[in-house]
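Trainee: Take a look at the following structure, please.
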Amino acid sequence: MKIVIAGCGVAGFTAAKKLKELEPQTEITLIDREGYGLYSRMRLPESLAGTLPETKLILSSPEATASLGIQLVSGVTALSFDPGARTLQLSDGRSLAYDKLILALGADASLPQIEGAEPSMTFRTLGDLHHFLSEVRTAQTATVIGGGLLGLENAHALHERGIRVSIVEFMPRLLPKQLTEKESELLQEKFLEAGYQLCLGRKTLAIHSDQGVSSVELDDGTVLRSDLVVISAGIRPVTQLAKDAGAAVDRGILVNTRFETSLQDVYAIGDCAQIGGVTYGLWIAAKDQAIALAEILANRRSSFESPVYQPSLKIPGIKLNEIRMAAQNK
Ligand SMILES: Cc1cc2nc3c(=O)[nH]c(=O)nc-3n(C[C@H](O)[C@H](O)[C@H](O)COP(=O)(O)OP(=O)(O)OC[C@H]3O[C@@H](n4cnc5c(N)ncnc54)[C@H](O)[C@@H]3O)c2cc1C
């Protein structure tokens with residue numbers, strides 16, 4: 001049996017490792033486009049803050065991954081696949097035959113339709129970390145567009161570097177998805193006390209860049225002069241490869257409770273998959289799905305029901321549960 005897995009994030013890597021554990025004789029090829037093996041995407045802000053050395057992000061290097069008996073194909077992209085011929089075409093010209101194909105392609109950072117917004121302003125990969133690290137050393141001011149969990153973590157990382165940070169949020173309060181109005185107020189107090197500027201209920205109209213300095217123009221006429229702009233406006237599951245091959249996609253690649261797409265012997269897991277109407281966008285969800293798929297393919301379980309996950313905010317000294325309790329007692 002030949003299984004090809006496209007994408008070496010936590011979903012793809014975990015599926016490969018678990019399958020090798022359960023079915024050692026299965027031939028597993030893992031396509032690692034970024035070429036670092038598995039790294040902790042969710043801890044990238046800590047390295048941006050300077051509190052976690054970059055080397056500590058690596059959870060399984062290419063060498064360690066290969067030593068598990070997984071055939072790692074590094075630095076190449078899966079370009080297309082033919083579900084009839086069961087072949088996957090790679091950017092280096094190779095074509096890989098498979099019996100089963102697992103799509104673990106993750107998500108891209110969303111780029112909102114703002115004049116002047118560039119992909120280089122988003123933060124999702126180790127490559128993005130290198131780009132921002134080269135800028136934080138000289139930056140004195142920064143604007144983070146997006147007051148969700150990732151936006152706040154990115155803002156905190158820059159604040160840790162001694163940079164004056166403004167956070168722009170379209171909604172009238174921070175974390176509107178996670179907190180009530182009263183809870184958001186308490187959170188906002190903490191950010192204001194720490195010296196952040198909050199621009200809430202404000203739309204970004206344009207980002208004008210001139211010789212390394214940007215002016216972020218808001219709909220109330222405010223202009224934020226920023227040495228650095230980080231856009232944290234959510235994610236976009238990677239679906240094009242599946243769509244081009246004829247798979248049913250919505251926001252994510254549609255799968256059932258066995259992670260089967262609408263194409264035979266093609267599965268999807270992690271941030272790129274939509275299960276029961278939900279695209280999770282969470283590390284633990286991607287890992288749970290990967291383990292469950294490996295068990296399904298090895299006939300150890302028949303299906304997967306997703307638990308309810310509670311995302312947290314990873315900023316030292318700020319615990320959402322404590323804020324919730326404080327709001328109740330106020
Ligand atoms: C800054 C940050 C902080 C986060 N914090 C948290 C947190 O606190 N808690 C939490 O639960 N989650 C968090 N997340 C989300 C979490 O990291 C993701 O849910 C998780 O990484 C998803 O794993 P994945 O394997 O599905 O996708 P990804 O990690 O996106 O991996 C997919 C891989 O597939 C590759 N790929 C894409 N297209 C192709 C192709 N055509 N060919 C080959 N390879 C391809 C990509 O380059 C990527 O390497 C955070 C994310 C970010 C960016």
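Every number here is computed from the coordinates shown, using simple stated rules; none is lab data. Everything numeric here is computed off the predicted structure, so don't read it as measured data. Neighbour counts run over all protein chains shown; Cβ positions are idealised from the backbone, glycine included.
Trainee: Amide H of residue 59: which non-local residues (sequence gap of 5 or more, or other chain) have their own amide H closer than 5 Å, using H built in the peptide plane?
Mentor: 38, 39, 40
Trainee: On a straight-distance basis, which aspartates and glutamates could pair with residue 18 in a cross-link, Cα separation under 15 angstrom, same-chain partners fewer than 8 positions away excluded?
Mentor: Candidates past the 8-residue exclusion: 27, 288, 295.
Trainee: How many nm is it between the label spots at residue 80 and residue 193, if each spot is 7 Å from the Cα in line with the beta carbon?
Mentor: 5.8 nm
Trainee: Also: Just grab the label-to-label distance for residue 87 and residue 220, each label 7 Å out from Cα along the Cβ direction, in nm (one decimal).
Mentor: Output for this residue pair reads 5.9 nm.
Trainee: Neighbour counts of other C-beta atoms within 10 Å: give me 313, 158, 72 arranged from fewest to most.
Mentor: 313, 72, 158
Trainee: Please say if the chain is rounded, prolate or oblate, where rounded means a/c under 1.5 for a ≥ b ≥ c the square roots of the C-alpha gyration tensor eigenvalues, and otherwise the choice is prolate for a/b larger than b/c and oblate otherwise?
Mentor: Since a/c reaches 1.5 and a/b is larger than b/c, the shape of the chain is classed as prolate.
Trainee: Give me 33, 236 sorted ascending by neighbouring Cβ count inside 10 Å, so fewest comes first.
Mentor: 236, 33
Trainee: Between residue 325 and residue 208, with labels modelled 7 Å along Cα→Cβ, what's the label distance in nm to one decimal, could you check?
Mentor: 4.9 nm
Trainee: How much length is gained if the chain between residue 94 and residue 302 is pulled fully straight, taking 0.36 nm per residue apart and subtracting their Cα-Cα distance, in nm to one decimal?
Mentor: 71.5 nm
Trainee: Over the range 180-273, what relative contact order in percent results from Cα pairs under 8 Å that are six or more residues apart?
Mentor: The value is 14 percent.
Trainee: Would you kindly state how much longer the chain becomes between residue 130 and residue 68 on full extension, computed as 0.36 nm times their sequence separation minus their alpha carbon distance, in nm to one decimal?
Mentor: Gain in length upon complete extension: 19.5 nm.
Trainee: Within the set 20/314; 100/287; 182/203; 243/287; 56/287, which residue pairs have Cα atoms separated by over 26 Å?
Mentor: Result: 20/314 exceed 26 Å.
Trainee: Separate question: Please work out the Cα center distance from the range 240-303 to the range 167-204, rounded to the nearest Å.
Mentor: Cα centroid of the range 240-303 versus Cα centroid of the range 167-204: 34 Å apart.
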